[in-house]
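J.: Attaching a single structure in structure tokens format; questions to follow.
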Amino acid sequence: MIEILLLQLVWSIVSYFVSVRTAMRMQIVISSLNLLIGLSLIYRLIELLKYSNGYKAIYELSGFLFLDALNAVIFIVILILALLSSIYSIGYMSKEINAGLPEKKVNEFYFWMNLFIFAMFIVALSNNFGILWIAIEGTTLATAFLISFYRNKEAVEAGWKYIILCSIGISFALFGIIVIYFASFHLLGEGIQALQISNIFDVADKFDKRLLTIAFIFIVVGFGTKVGFAPLHFWLPDAHSQAPTPISALMSGVLLNCAFYAILRVDSFMNKASIGYLSSNFLLFFGLFTVFVAMMFIIRQVDYKRLLAYSSMEHMGIIAIAFGINTKLSIFAGILHTLSHAFIKGSIFYSVGSILVNYHTKEIFNIKGLFGKMPITASILLLSVLAITGMPPFSLFITEFLITLEAIRNNFIWQAVLLLSLLVAIFGGFIYHFSQMLMGEDESNHKKEENLYLIIPSIIGLLIAVIFTFYIPKSLNILIKNINFIIGVKA
């Protein structure tokens, strides 16, 4: 674990000083090395889980870093999407340079992008709530510079809105962590041990239930701001719209999940303390309300990057509902939905990014006839849109079906009916908006250029999600089985 962190941190600094050509090539090399090291760590964890029952984790750096089943899922998403975004960035930034972007700005892009990835690694691997909080704040600072990367009025405004709203939210989360420390040092003693996630998990059943409930409320509101839960979401559409496309893909596919992961850690304490019904109610409420708000904006959207931002809100809401129901089947669906959404959303962002660098507009109604001008990109985009809206046979159809089924089985009848109604409306909105872009005739005579660096990551992201439709790896089943133990499912 420490190898990945050191490698990523050193490369973050070096990438600012090397030539752009070297930065682009080495970005893929470093991301590939990170993926290989990360996969070896996850393999070690799976071998450990395969032959043991109960909670198991790999520890490093005197227990400050750890890898268990829950953060392994987030870790693998970071590793894969970081590599795909690195590949994509070569084509994307090359187009930007040709359009007049100074090369030093490209070095600046890679510097902040790599610090962003480094901070997300810390979020996923930290075994300490204090360090986790600092790392999430670190993602805020790094992405703020990336959101305002183009330095125009809209980008700077989006960056400031992001910093202000997320910092306010994270301050609530900090208070929640302080309450957790206050409750745990009576059991674990003063000092750093009282903030260790694995230590708190071991004694969570002995916590003062009132203090733990207060902590959860502040943490779900605080980190929920970063997740994009409504009504705390106002930063999200502007940030996704203004950030360079490789960053939009990382924010939507990874950053939101990192924040939700922090909430799940405290949710697991609530379940172990036998007050999980309270956290379930919060997750169900925020989940449904977020899907509802996302639907309201999706059906009347005119900017395709903002449309995808609201789609990310929708899917984080669905994931929250899955964990709020809190059964074995809903947790399975929630994990599969997390993985599928991350890779499909990455694919769809990469596709619209290719459109953006060719058409230089985010307005839906200014783009027509993509099948005629960019047939490969249009085909990937169509499949990605069908996948992200939960059309069969894609994996998101399966997960949404299972979540709805579990809601009905556990007497959340009206919640299930409302969720289905919202999903139908969102499907209609997506099909309407993207059909405007894909169909019709482009009046310009210029055939738009398609770049392999922009196409390959889109295809890979979509293929990974398609694999989950037909095949669930045995290793993933092992992780999910242990996640059930960590979360503390009802049945």
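Derivation of every value follows stated rules applied to the coordinates shown; laboratory data play no part. No experiment lies behind these values; they were computed from the predicted model shown. Here the Cβ is made from the backbone with ideal geometry for all residues, glycine too, and neighbour counts use every protein chain on show.
J.: Answer yes or no: is there a residue in region 389-408 that is touching a residue at least 12 places away in the same chain (Cβ under 8 Å) and touching a strand residue (DSSP E or B) at 6+ places or on another chain (Cβ under 6 Å).
T.: There is no residue in region 389-408 that is touching a residue at least 12 places away in the same chain (Cβ under 8 Å) and touching a strand residue (DSSP E or B) at 6+ places or on another chain (Cβ under 6 Å).
J.: Restricted to region 61-92, and to residues that are more than 25 Å from G488 (Cα to Cα) and more than 19 Å from the chain's Cα centre (by Cα), which residue is surrounded by the most Cβ atoms within 10 Å (Cβ to Cβ)?
T.: Result: Y92.
J.: Can you tell me how many residues within region 178-232 are crowded, with 21+ Cβ neighbours inside 10 Å, more than 28 Å from the chain's Cα centre (by Cα) and assigned to a loop (DSSP other than H, G, I, E, B)?
T.: Result for region 178-232: 1.
J.: Could we say that M296 is assigned to a helix (DSSP H, G or I), among the hydrophobic types (A, V, I, L, M, F, W, C) and free of Cβ contacts under 8 Å to residues at least 12 places away in the same chain here?
T.: yes
J.: Please determine whether any residue of region 31-40 is among the β-branched types (V, I, T), surrounded by fewer than 20 Cβ atoms within 10 Å (Cβ to Cβ) and in contact (Cβ under 8 Å) with a residue 12 or more places away in the chain.
T.: Step one: filter region 31-40 for residues among the β-branched types (V, I, T), giving 37.
Narrowing further to those that are surrounded by fewer than 20 Cβ atoms within 10 Å (Cβ to Cβ): 37.
Then keep just the ones that are in contact (Cβ under 8 Å) with a residue 12 or more places away in the chain; that gives 37.
Yes, the conditions are met somewhere in region 31-40.
J.: Separate question: Taking the stated definitions as given, is K373 under 19 Å from R306 (Cα atoms) and among the basic types (K, R)?
T.: no
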